[in-house]
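First comes the structure, then the notes that go with it.
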Amino acid sequence: VPEHVWRINLDTPEEAQQNLSFGAADRWWEQTDLTRLILASNKLQSLSEDVQLLPALTLLDVHDNQLTSLPSALGQLENLQKLDVSHNKLRSLPEELLQLPRLRSLLVQHNELSQLPEGLGQLLSLEELDVSNNQLTAIPPSFALLENVVRLNLACNQLKELPADLSAMKSLRQLDCTKNYLETVPPKLATMASLEQLYLRKNKLRSLPEFPSCKLLKELHAGENQIEMLNAENLKQLSSLCVLELRDNKIKAVPEEITVLQKLERLDLANNDISRLPYTLGNLPQLKFLALEGNPLRTIRRDLLQKGTQELLKYLRSKIQDDGPGPNEEPPVTAMTLPSQSKVNIHAITTLKLLEYSDKQAAEIPEAVFDAVGANPVATVNFSKNQLREIPPRLVELKDSVCDVSLGFNKISSISSELCLLQKLTHLDLRNNVLTALPEEMEALKKLHTINLAFNRFKVFPSVLYHLPALETILLSNNQVGSIDPVQLKGMEKLGTLDLQNNDLLHVPPELGNCENLRSLLLEGNPFRTPRAAVLAKGTAAVLEYLRSRIPS
């Protein structure tokens, strides 16, 4: 670097000596210090300690050179906000770097670093940190202090594990761990509430990590791992996911619960071991891209796969209409399931007050399951994901204590009177069945405040719901409901959430705007003309206001 570059703040420029008629206003060199120095894409092998003569620098960019070290004088640049030393040959970073109080962006990718300074967490203003494409085997625990970092890139290193301390980086929105040697992801990372994009491609993961608190996670890239199964529970936590990329793994089956990912736009399952798909995949309302090539699919012809996503989804939807078990479903287990096979979890009954017999594809709940309850009070019942065609009659035995019943993903076509005797019931999940109506006797469920009826066969809004005063949440998406009664809905003073997405509403009554208690009204995917999509996109308050404006005066 020419000497006069370092001295540009100190020496009077040559032009001033040649022309002495400069007025005060023209003497730029006296008015401002150099703030940005870009020396990128040269052949620099070292930087002079004279860099400290430029204390006003906010940006120093020396990427794409041949630097093997950095001057300790960098620590003097207390105004520096961005330092780009990427694409060099650095083997270490000077400790003095940790003295930069205003540094917001530190880019050191594509160097030869085998470790990072232990005190890197002192850079409290840091918002962006890229250490990708180095030879790092560990991350300093002090990363936990980097509470303002929004983007962290650890890709293409030699990391075998991530420190659980990363979970303290509470502003982190984008985390890239592509191409390392990770076998697991620490459970604590699942508490990162601000995470929006997570890249875990090209590692050694055997299962998809759990993300109970990552409610904002929009993109999860986990292709080229060794993932064998998708856990239905894990999927339920990813309600905001738009992109799920799982290509080149060893996944054998896709659970029905994939349909809870209602915002999913891209799903890449190419090159796995999937032999069958849940037809309900066709109901994902936002799905625009579905990749399935390279799977041993038995039920879908190859020519159909080549026609593109929309044709494929249309085919899957057409299959849902066919009753009975589709070719992608295993035959139901007979009613003669032996008690020894039922594996009742006694511990769950006594300590968690939970009676669970789910995901067994059973046509009936074995007597042994109910027998195991004894005198224990049961608060929660989970019989989801079976082949039940009716409400298990012995459910009534739990009426004095049960308040949460899950019967989703079965083949129940009608509700028996037994269910109506569970007067302590607060939560009822009946999604993904073949219900067309609810009995008026359900009016007895005075404490019910959440009911999930999504993915059933309702053609009309079940009128008994209007008479349940405690109801706070009605989930009725993906049915064929054609109309609603706004006057009766207004009488439901506790109702805060009404989900009617993907139904057959041709008309939204303006009087619905009077239901001012509604905090979440979801109407997308219906054939009505107004309100238009642009109004719906503004959210519930705007939709209600729009509807009120249309009420004839």
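If only residues of the range 43-95 that are within 39 Å of the chain's Cα centre (by Cα) and not in a loop (DSSP other than H, G, I, E, B) are counted, the one that is nearest to Asn134 (Cα to Cα) is Asp84. For Gln226, the test of being farther than 19 Å from Val243 by Cβ, in contact with a Lys or Arg (Cβ under 8 Å, 6 or more places away or on another chain) and either at pLDDT 90 or above or of a type in the set (S, T, N, Q) (or both) is passed.
Figure legend. Inter-residue proximity from the range 87-101: first residues on the phi > 0 side of the Ramachandran plot, second residues part of a loop (DSSP other than H, G, I, E, B) and of a type in the set (D, E, K, R), beta-carbon distance below 6 Å, spacing 6+ or different chains. Indicated pairs: His87/Asp64.
Number of residues in the range 443-469 that are open to solvent by less than 50 Å² (accessible area, probe 1.4 Å) and farther than 16 Å from Leu495 by Cβ equals 5. Taking the range 130-149 as the range and being closer than 20 Å to Tyr181 by Cα and either open to solvent by less than 20 Å² (accessible area, probe 1.4 Å) or of a type in the set (S, T, N, Q) (or both) as the test, the residues that pass are Val131, Ser132, Asn133, Asn134, Gln135, Leu136, Thr137, Ile139, Pro140, Phe143. Only residues that are surrounded by fewer than 20 Cβ atoms within 10 Å (Cβ to Cβ), under 19 Å from Arg431 (Cα atoms) and either under 25 Å from the mean Cα position of the chain (by Cα) or among the hydroxyl-bearing types (Ser, Thr, Tyr) (or both) were counted in the range 497-519, giving 2.
Being assigned to a strand (DSSP E or B) and among the charged types (D, E, K, R) is the filter here, so list the residues in the range 402-420 that pass it. Correct list: Asp404 only.
Tell me yes or no: at least one residue of the range 401-421 is in contact with a strand residue (DSSP E or B) (Cβ under 9 Å, 6 or more places away or on another chain) and of a type in the set (Lys, Arg). Within the range 401-421, not a single residue is in contact with a strand residue (DSSP E or B) (Cβ under 9 Å, 6 or more places away or on another chain) and of a type in the set (Lys, Arg). If only residues of the range 470-487 that are within 21 Å of Cys403 (Cβ to Cβ) and of a type outside the set (A, V, I, L, M, F, W, C) are counted, the one that is least open to solvent (accessible area, probe 1.4 Å) is Thr473.
In this structure, Glu15 does not qualify as modelled with pLDDT of 95 or more, farther than 30 Å from Cys156 by Cβ, more than 44 Å from the chain's Cα centre (by Cα) and open to solvent by 80 Å² or more (accessible area, probe 1.4 Å). Evaluating Ser167 against the criteria (1) under 21 Å from Pro209 (Cα atoms); (2) in a loop (DSSP other than H, G, I, E, B); (3) free of Cβ contacts under 8 Å to residues at least 40 places away in the same chain leaves one unmet condition, (2). Taking each residue of the range 277-295 that is part of a strand (DSSP E or B) and looking for partners that are open to solvent by 10 Å² or more (accessible area, probe 1.4 Å) and of a type in the set (Asp, Glu) with beta-carbon atoms closer than 6 Å, six or more apart or interchain, yields Ala291/Asp268. From the residues in the range 213-237 that are small (Gly, Ala, Ser) and farther than 16 Å from Met192 by Cα, which one is farthest from the chain's Cα centre (by Cα)? Per the stated criteria, the residue is Gly223.
Can you find even one residue in the range 366-384 that is out of contact with any strand residue (DSSP E or B) (no Cβ under 8 Å at 6 or more places or on another chain), within 25 Å of Phe458 (Cα to Cα) and not hydrophobic (A, V, I, L, M, F, W, C)? Looking for residues that are out of contact with any strand residue (DSSP E or B) (no Cβ under 8 Å at 6 or more places or on another chain), within 25 Å of Phe458 (Cα to Cα) and not hydrophobic (A, V, I, L, M, F, W, C), one finds none in the range 366-384, hence no. Taking first residues from the range 342-361 that are at negative phi and partners that are among the hydroxyl-bearing types (Ser, Thr, Tyr) and not in a helix (DSSP H, G or I), the Cβ contacts under 6 Å between residues at least 6 apart in sequence or on separate chains come to Leu354/Thr380; Ser358/Ser384.
If you go through the range 96-113, how many residues are surrounded by fewer than 17 Cβ atoms within 10 Å (Cβ to Cβ) and part of a loop (DSSP other than H, G, I, E, B)?
Total meeting the criteria: 3.
Only one of the listed residues (Asn479, Asn514) is in contact with a helix residue (DSSP H, G or I) (Cβ under 7 Å, 6 or more places away or on another chain) and within 28 Å of Lys447 (Cα to Cα). That residue is Asn514. Within the range 306-324, can one find any residue that is in a loop (DSSP other than H, G, I, E, B), of a type in the set (Asp, Glu) and free of Cβ contacts under 8 Å to residues at least 12 places away in the same chain? Scanning the range 306-324 turns up at least one residue that is in a loop (DSSP other than H, G, I, E, B), of a type in the set (Asp, Glu) and free of Cβ contacts under 8 Å to residues at least 12 places away in the same chain. Applying the selection to the range 374-383, what residues are under 29 Å from the mean Cα position of the chain (by Cα) and open to solvent by less than 10 Å² (accessible area, probe 1.4 Å)? Once the filter is applied, which keeps residues that are under 29 Å from the mean Cα position of the chain (by Cα) and open to solvent by less than 10 Å² (accessible area, probe 1.4 Å), the range 374-383 yields Val381, Phe383.
Restricting the range 167-212 to residues that are under 14 Å from the mean Cα position of the chain (by Cα) and among the charged types (D, E, K, R), the residue that is farthest from Gln135 (Cα to Cα) is Glu210.
The values are calculated or read from the model by the stated rules, or taken from the named source; none is laboratory data. Given the structure is predicted, the values throughout are model-derived calculations rather than measurements. Every residue, glycine as well, gets a Cβ built from its backbone with ideal geometry; the counts of neighbours run over all protein chains shown. Quick note on the areas: whole protein, heavy atoms, side chains included, nothing else; ligands and nucleic acids left out. Shrake-Rupley method; radii C 1.70, N 1.55, O 1.52, S 1.80 Å.
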